[in-house]
Amino acid sequence: MELECTTITRETVVDEVTKMKNDGYRFVTMSVVDLDEENVDLLYHFDKDLEVVNLRMAVPKKEPVPSISGVYFAAFLIENESKDHFGLEFDGLVLDFGGTLYLEEEVQRTPFCKYGVIRKDAEAAAEGTA
Amino acid sequence: MAFMTPTIVKNFFGKPATRMYPITTREPFSNARGELYIDVKECNMCTLCARACPAQCITVDREKATWECDPFECVYCGVCVDVCGRKCLHQHDQYRAPAVEKFVMHEQGEIKKKPKKEASDSA
Amino acid sequence: MARTIVPFGPQHPVLPEPIHVTVTVEDEIITDAVPALGYVHRGLETLADVRDHVQMIQVVERVCGICSMIHAACYVQGIEEMMGVEVPRRAEYLRVIWSELHRMHSHLLWLGLYADAFGFESLFMQFWRIRERVMDLMEATAGARVIISVNVIGGVRRDLDEDQCKWVLSEVEDVEKQIRQLQTTMLNDYSVKKRTVDVGVITKEQALELGAAGPCLRGSGVAQDMRMTGYGAYDDMGFEPIVETAGDCYARGAVRFRETLQAGEIIRKAIAGLPEGETSVKVRGRPKGEVITRVEQPRGELMYYIKANGSKNLDRLRIRTPTFANIPPLTAMLPGMELADVPVIILSIDPCISCTER
Ligand code: SF4
Ligand code: SF4
């Protein structure tokens, strides 16, 4: 069973989401799915008249994703959650908890990645000292 | 507040809604899911319950024919009761009484003879 | 004007669960509110890696105690859809009955807490006193008071016989009668109105834009209820959503109050139309694929995204709970209000924090 999705990319995500907003869709949520060591799938779910519409975007974990919280303010919470759980970085997050929405500052692991990826800045720091 | 007055007056003269627990207790409902117990003589150590338990609090040792359950991890879901093919797990209709010390329910079953055990394995 | 920052929560008399809101006030008027979560985060979604898809039913029930049955119903509905299981009609009806009992007890719980938030203790006691009867109904029919655990993949675990149906009907009628006696107090009382009317207003446009769910959305005039999609047996219930237009705390309270009574109505319909037959079917195999299911919880729309790869454990389980959706609207309700109204406004979204953080 497959989910009906429109595939989007990092370049088009903000435009696509803005279009959804202009069409009167309500932002439901976003799901992050761990694909493998390198990549995650981001699914954006919208709702209008009880129909769900999904946008799918595969992104590498290490590179920042454009935030849609500028378009839908409601997205700030889930983007912060993804940051905590998967160590993703969002560009232009309107209310940034810096990866401490759920977790404590000392937590450097990203618990929802099945492959135990270390958070970016910690990794960068480790590389810097190496 | 005025709309509330009839209710308050009624409550004032009516029977209390609560009981003098623990002096008076309510009759438990007949099929409530309460404390788990095992009829170990019936058990054939098939480990189905141990594998199905969502809290993973049952340990079954086939070699020694022991059945163990940590009652303080049990969430009273009754899944083990449903899956047991021998119908030897049951639940009382009341919760386990509070205890001051933790313990593990330990039951010793019969060690079945080899051929019989293999028959139950393949079943 | 003096600007002050007041921390609200995580421990506060009106909060049943910990949430923190940093409230910035100028004199007594709120100018900004920033929520902070994370006090009860458990990471239940990742438990899908170590528990198989059948055991996960009991895990998702514990995402939220108050609406446990509906969480499990949503989850099994998703798995059933993925595996192409035909659920017996009787099971679907029974799920409706238990869902509505859950909605009733959840709303009564909330109505009590809400009354407590604006300081109406006797109303709080009265609502909780009524709620206890609903809890008894659940214990007698399903075996437990709160986490009733009736769902399995392919149906339900318990059945209602005729005597039980009759008893449920008479009890529900009595409960409804008692709730009706509180209607004037809840909806017309001067002091209740004084605390709730025009407090925490959120317009229809704001509610939609901020992705509100459930009574928050319906209180602002948007007729959106997942039960309108007719999942399970709701297509037979002739369901009409309850909508208020004011968008303030009073409207949200009124929506919930009327929904409590509506739940009784639905239970009556479901018992009247309860079809004969099996209550569950045997399910073999493992789920594979991706699915989104949505149901209506007492607090709003609940969404599950489930991805399975044909193995014992699920690939990904994502739970979007209604309170998670209602926190951004909360930040829009607070500015412009007085500090003393903060407890009422926070309570008016029916915050279920354990559910939000999972
Ligand atoms: S009742 Fe549930 S938690 Fe308790 S032992 Fe049985 S399966 Fe495990
Ligand atoms: S499922 Fe029943 S027979 Fe099998 S080990 Fe458990 S209690 Fe014994």
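The values are calculated or read from the model by the stated rules, or taken from the named source; none is laboratory data. Just so it is clear, the model here is predicted, and its values are computed rather than measured. Glycine gets a Cβ as well: all are built from the backbone with ideal geometry, and neighbour counts include every protein chain shown. When the accessible area is computed, the model is the full protein with side chains, heavy atoms only, and any ligands, DNA or RNA have been set aside. Shrake-Rupley method; radii C 1.70, N 1.55, O 1.52, S 1.80 Å.
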Given a 1.4 Å probe, the accessible area of chain C per residue, as a whole number of Å², is 33 Å²
Restricting to Cα pairs under 8 Å and 6 or more apart, the percent relative contact order of chain B works out to 30 percent
With Cα springs under 10 Å, the Gaussian network model of chain C assigns the largest mean-square fluctuation among C:R268, C:R90, C:R42 to C:R42
So for R0 = 35 Å, FRET eff. of C:T245-C:D52 from the Cβ-Cβ r, to 0.05, ends up at 0.15
Distance in Å, no decimals, from the C-alpha centre of the stretch A:1-41 to the one of the stretch C:34-57 is 23 Å
The relative contact order of chain C, taking Cα pairs under 8 Å that sit 6 or more residues apart, comes to a percentage of 26 percent
Measuring from the longest principal axis of the C-alpha atoms of chain C, the long axis of helix C:249-272 (C-alpha) lies at a number of degrees, nearest 10, equal to 20 degrees
Under the rule rounded for a/c under 1.5, else prolate if a/b exceeds b/c, else oblate, using alpha carbon gyration tensor axes a ≥ b ≥ c, the stretch C:12-85 is classed as prolate
Taking chain B and counting helices only, DSSP H stretches of n ≥ 4 at -39,500 (n - 2.57) each over all residues, the nearest-500 ellipticity at 222 nm comes to -5500 deg cm²/dmol
Per the C-alpha gyration tensor (a ≥ b ≥ c, the square roots of its eigenvalues), the stretch C:67-161 is rounded if a/c is under 1.5, else prolate if a/b beats b/c, else oblate; here it's prolate
Nearest 10, in degrees from 0 to 90: the angle of helix C:162-181 to the longest Cα principal axis of chain C is 10 degrees
Across C:218-224, the residue-averaged tally of Cβ atoms belonging to other chains within 10 Å stands at 1
Going through A:K62/A:K83; A:K48/C:K288; C:K166/C:K269; A:K61/A:K83; A:K21/A:K62 one by one, the pairs whose alpha carbons sit over 18 Å apart turn out to be A:K48/C:K288; A:K21/A:K62
With label points set 7 Å from each Cα along the Cα-to-Cβ direction at C:I29 and C:S122, the distance between them in nm comes to 3.7 nm
Taking a ≥ b ≥ c as the square roots of the eigenvalues of the Cα gyration tensor, with a/c under 1.5 meaning rounded and otherwise prolate when a/b exceeds b/c and oblate if not, the protein assembly as shown is oblate
Rounded to the nearest 500, the 222 nm mean residue ellipticity computed for chain C from DSSP H runs (n ≥ 4, each -39500 (n - 2.57)) alone is -14500 deg cm²/dmol
Label model pair C:D198, B:E73: point-to-point distance (7 angstrom along the Cα→beta-carbon line) in nm is 5.8 nm
The aspartates and glutamates whose Cα lies under 15 Å from the Cα of B:K87, excluding any fewer than 8 residues away in the same chain, are B:D39, B:E42
Once both label points are put 7 Å beyond Cα along the C-beta direction, the B:T59-C:E338 separation in nm becomes 6.1 nm
So the FRET efficiency between B:K41 and C:K312, C-beta based with R0 = 22 Å and rounded to 0.05, is 0.10
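Pull out the extension gain between C:V6 and C:E86, defined as 0.36 nm times the separation in residues minus the alpha carbon to alpha carbon distance; nm, one decimal. Can you show the working numbers first?
Details: separation 80, 0.36 × 80 = 28.80 nm, distance 5.38 nm.
Separation in residues times 0.36 nm, less the Cα-Cα distance, equals 23.4 nm.
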Filtered hits (aspartates and glutamates, Cα-Cα < 16 Å from C:K177, offset >= 8 within chain) -> C:E132, C:E259, C:E265
Rounded to whole angstrom, the alpha-carbon centroid of the stretch C:283-346 lies from that of the stretch B:42-116 at a distance of 35 Å
